[in-house]
Amino acid sequence: MMKNILLVLDSGDSARLARNHALQLAQQHQAALTALALIDAAPLREGEAMPPGGYAYRAARDASLEQRWLAQAQQQLDEVAAQAALLAVSMSAVVAEDVQPEAALTHYAPGHDLLVVTAASHLGDSEREHDMRWLENYLLNPARPLLLFSPQVHVLPAGHCVALAYDGSPCAARALQQFVFLGLEPGLPCKVLVSHADDNEAERLAAEACAYLALHGREAQPVLLEARFSNGQLLLDEADRHGASLLVMGAFGHNSWKARLFGSTTRMLMQQSHVPLLMFH
């Protein structure tokens, strides 16, 4: 059961959904909530060619930007604090400024059971470009599982099931375990999505995952897929087809230099999933 949830604040539709969902989880599990506002002010410290007399202008500009980012962060913290008070959720607030965002997550994550974040983070300012690299860096060696809302999550579905992508890898096994231990979506049955070139191996993997879920009192059914798990669109289509409210996964599609830890399918799902992703690589 969850006792403490870390919510990374941001702006936009998916961020509001993430915030509301984190508050609901905290209320349902009687857990405390930490609201974390990440501000990456490092670019303001980087060298930049300036004309004579331009450094004073730049200093004033950067100070103004930083103050605006801090004001926006404080507004977000005030809003979530007001919501938490209405739901009787215990909340603490943190502003992490001028640090690498993944370093801040690594610092605060061990004191929490679950991190709730959005993939399209602005890192302090709604006018900044989205940046997903810090999430990828955190996921290379995460201290805690991460519940991620992609930019495509605009409405949370009612949910008829939970979809679990399982390929028998240690990453997938850990994600499955964390889903069970966190007690997410307790009233919904599970659909275990499995694909393998060998049909017998696919059935074995599905049975393995379903047996583990059954051991913990979770109803589960296997769904054997024809394509390989490197096809991220297949996972999205299956989650939508079954009416899933959550997609649980480890790492898939290992074809980049980060080979065994982060792949193109994972990145695609982080950007395009219509439902929240529970990820633990």
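Q221 label point, 7 Å along Cα→Cβ, cut-off 12 Å on backbone N: hits in the stretch 182-206? Only 189-192 fall inside the zone, counting backbone N under 12 Å. Under 5 Å between amide hydrogens, built in the peptide plane, is the criterion, and for A119 it picks out F149, S150 among residues at least 5 positions away or on other chains.
Counting Lys and Arg as +1 and Asp and Glu as -1 over every other residue whose Cβ lies under 10 Å from the Cβ of E79, the net charge comes to +1.
Of all beta bridges that DSSP places with both ends in the stretch 120-223, some 10 percent have antiparallel geometry.
Using the basic label-point model (7 angstrom from Cα toward the beta carbon), what is the D131 to D240 distance in nanometres? Going from the D131 label point to the D240 one covers 3.1 nm. Of the residues D167, D78, ranked by 1.4 Å probe accessible area with the largest first, the sequence reads D78, D167.
Spin-label model, H274 to Q74: label points 7 Å out along the Cα-to-beta-carbon direction sit 4.2 nm apart.
With R₀ fixed at 35 Å, the C-beta to C-beta distance from H160 to E97 puts the FRET efficiency at about 0.25.
The values are calculated or read from the model by the stated rules, or taken from the named source; none is laboratory data. What you see is a predicted model; the values in this text were computed from it and never measured. Cβ: placed from backbone, ideal geometry, glycine included. Neighbour counts: every protein chain shown. Please note that ligands, DNA and RNA were not included when accessible areas were found on the heavy atoms of the full protein model with its side chains. Shrake-Rupley method; radii C 1.70, N 1.55, O 1.52, S 1.80 Å.
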